[in-house]
Every structure is written in structure tokens, then in C-alpha cells.
Amino acid sequence: MKLPQLSSSLLAGLHCFSVVAETMSFTRAAEELHLTQSAVSHRIKKLEQRLEVSLFVRRPRHLSLTNEGEQLKLVVTEQFSAISFKLLELNRAKPFGDFIISAPPTFSQKWLVPKLAQFSEAFPDVTLHLRTRNDLIDFKAEAFDCAIYFGHGRYNGLISHHLMDDAIVPVCSPEYAERHSLFDNPEKLAQCQLLHDAAPWASASLSDEWLYWANANGLELNGTNHSFDRADLALDAATCGMGVAIGRMAYIQDYLMSGRLVAPVDRPVKSPYSFYLVYREEHQGNAKILAFKQWLDSQLSALNSA
């Protein structure tokens, strides 16, 4: 006998057979399948013709399985159970429910939030809860699914997925740059008011970013220092002519393109830290985290290819 090809009609017939074999009644099978009794009978006859065997012994008011029918019932029941289990497993793997994320304030405002509508549209069953902070999360005590850190990427007991590197460069308003003759005169920065992000990364001091950039360029800076607890506040203060801020490339593109800020000393330095998606090791198979990670990677790939 030629091996039957698995087709939609054969699968429909096998499904019909499994219900009839379970209920041992064409009438009850028809009710369960939402078919007429004659349609069920037709499918079974067509399946028997396809397989070239009799599956049922039909007697008045009595239905029983043939030996071949018994054998097929065992196989079909096992396989349909496996399919049902896999479908349930796949359904559970779909991202849904509350999803609590921590991310740095300025990263959230300037980079993440403008893109989140796309994530929400792609995963409508996920309810986002974004909380902004610069310090590290205690995942054992706090109910966060994942966090975005700007740091070194090494965190005990956590999976750390690299997102992107960054670079820093001094920025100020065009008027401030002209007034202090800053264009291509880095030594003039020593006479300027310097605007600091007081918490550029976890456990940082308020002058760490400026010192890192200055040391990389062989400069000493002695200007007046003002600090803010968010990088975007330092950038906004710079646009108002208060002084010169350290700008991260991830944050300042819109400022530069609009002309609100300029980089008068165009000497960007790769930041000592990078952006990472961080979550607990036991959650590495979490559907919401996997979806968020893949979405972030796709956003960054599009950004890099633009």
C-alpha cells in the first residue's frame, strides 16, 4: 500500500476519527465537532478508503473499533495530545501581562519612550510599566522584570545583554560658544561654567564624565561647576546658555540637528561604559524579556543602518 500523504483532508479525517473513537458515537462526535452526523460518517468512510482498512465495526445501536482502529486510536490519541500540549506551550510563550522595566531617566526620555509605541503595537498583550532611576536594581527585593543599565556589564547572578556603546563630547548653545571663543579652542573650557550630570552611572561622582573626557584629551579643567541629577537637565541648561555640558551621543542628536546645541570642541571620546539590558539568570527564557530584547536589537540595527 502506498504511504498516504499528510494533507489537510487527511488531518481532518484523523481528527474526526479520534473524536468518534473517543465517544464511540457518531451522534456525539457530530455534536462535539459541530458537524452533521452524515458529515462525520462521510469523513470516516473517506478515511477508511484512503487507508484501505476498516476502522469501525458498525452494528445497529452499537459501534466498536476493529483491530486496525484500535491501533490507529493509540497513535492518533498520543499525537494529538502532543500537538495540544505544544500548542498550549506556545500560547504560554506568547508575551502577555505586566512588564516592569527600569531605565535611566534621560535614556528613557530621549531614546526609549519615543520608540515604545512600536513595541506596544507589536505586543498588544503586554502592559508596560517603566520606572526611571540611575541606581542598580535589587532584583531579589524589587519586582522588576529587567533593567537597562549604563555600566560595565558585569553583574553577579544576572544576564547582561550588550545593547550599544556611546561617546561623549562637550556641548553648549551656539551663542555661548561664540561668546567664549570655544570653537576649536579646547583650552578655553577652563574658563567656562561646566554643567555636570551628577549620576552618569551607578556610584559615579558628579565630575566623572568631565574628568574622563578631559583626561582623554590631555586637558585640565578649572571652570565653575554646576550639577544636575539628570543628564537631560544639564543639556537643557546648556541650551539656555548656562554653560557647557557633557553630551552623550545617544542623547544629543536632536539638539545638534536643531541647532540648539553645538559641539565647539569636536573631540568625541568613547564612553567608559555602555548600555546593557540586565535580568535574572532564571528569567532568561521569559517571553516578555525575550521579546523586549529582540525589539531593542531591531531598533538598534535600524539605527546603525540608517
Report summary line: For segment 214-235, the count of residues that are more than 24 Å from R133 (Cα to Cα), open to solvent by less than 50 Å² (accessible area, probe 1.4 Å) and either touching a residue at least 40 places away in the same chain (Cβ under 8 Å) or of a type in the set (S, T, Y) (or both) equals 1
Requested in this report: Please indicate, with yes or no, whether at least one residue in segment 218-235 is at pLDDT 90 or above and farther than 25 Å from Y149 by Cα.
Outcome: yes
Requested in this report: Determine whether Y255 is surrounded by 16 or more Cβ atoms within 10 Å (Cβ to Cβ), in a helix (DSSP H, G or I) and in contact with a helix residue (DSSP H, G or I) (Cβ under 8 Å, 6 or more places away or on another chain).
Outcome: yes
Query raised in the report: Somewhere in segment 250-262, is a residue outside the structural domain of P105 (by the TED database), closer than 15 Å to F150 by Cα and in contact (Cβ under 8 Å) with a residue 60 or more places away in the chain?
Result: yes
Query raised in the report: Scanning for something assigned by the TED database to the domain that holds N185, within 21 Å of L112 (Cα to Cα), aliphatic (A, V, I, L, M) and touching a Leu at 6+ places or on another chain (Cβ under 8 Å), does segment 207-227 turn up at least one residue?
Result: no
Query raised in the report: Can you tell which of A237, A231 is of a type in the set (G, A, S), in contact with an Asp or Glu (Cβ under 9 Å, 6 or more places away or on another chain) and outside the structural domain of R133 (by the TED database)?
Result: A231
Report task. For residues that are surrounded by 17 or more Cβ atoms within 10 Å (Cβ to Cβ) and not hydrophobic (A, V, I, L, M, F, W, C), tally how many sit in segment 281-291. Result -> 2
Query raised in the report: Does segment 72-92 contain any residue that is more than 24 Å from F292 (Cβ to Cβ), among the β-branched types (V, I, T) and open to solvent by less than 40 Å² (accessible area, probe 1.4 Å)?
Result: yes
Report task. Looking at (1) more than 34 Å from the chain's Cα centre (by Cα); (2) surrounded by 14 or more Cβ atoms within 10 Å (Cβ to Cβ), find the lone condition where N185 falls short. Result -> (2)
Query raised in the report: Taking segment 93-103, which residues are open to solvent by 10 Å² or more (accessible area, probe 1.4 Å) and not in a helix (DSSP H, G or I)?
Result: K94, P95, F96, G97, D98, I100
Report summary line: Exactly one of A141, A198, A147 is of a type outside the set (S, T, Y) and open to solvent by less than 10 Å² (accessible area, probe 1.4 Å), and that residue is A147
Report summary line: Apart from one, (1) crowded, with 17+ Cβ neighbours inside 10 Å; (2) more than 20 Å from A204 (Cα to Cα); (3) among the hydroxyl-bearing types (S, T, Y) all hold for T127; the odd one out is (1)
Query raised in the report: Right, I246: in a helix (DSSP H, G or I) and either of a type in the set (S, T, Y) or crowded, with 17+ Cβ neighbours inside 10 Å (or both) or not?
Result: no
Requested in this report: Output yes when any residue across segment 157-167 is assigned to a helix (DSSP H, G or I) and either open to solvent by 30 Å² or more (accessible area, probe 1.4 Å) or touching a residue at least 24 places away in the same chain (Cβ under 8 Å) (or both), and no when none is.
Outcome: no
Query raised in the report: Would it be correct to say that S173 is farther than 20 Å from I289 by Cα, open to solvent by 40 Å² or more (accessible area, probe 1.4 Å), in contact with a helix residue (DSSP H, G or I) (Cβ under 7 Å, 6 or more places away or on another chain) and not aromatic (F, W, Y)?
Result: no
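The values are calculated or read from the model by the stated rules, or taken from the named source; none is laboratory data. Please read these numbers as outputs of a predicted model, since none were measured by experiment. Cβ coordinates were reconstructed from backbone atoms using ideal geometry, including for glycine residues, and neighbour counts include every protein chain displayed. Please note that ligands, DNA and RNA were not included when accessible areas were found on the heavy atoms of the full protein model with its side chains. Shrake-Rupley method; radii C 1.70, N 1.55, O 1.52, S 1.80 Å.
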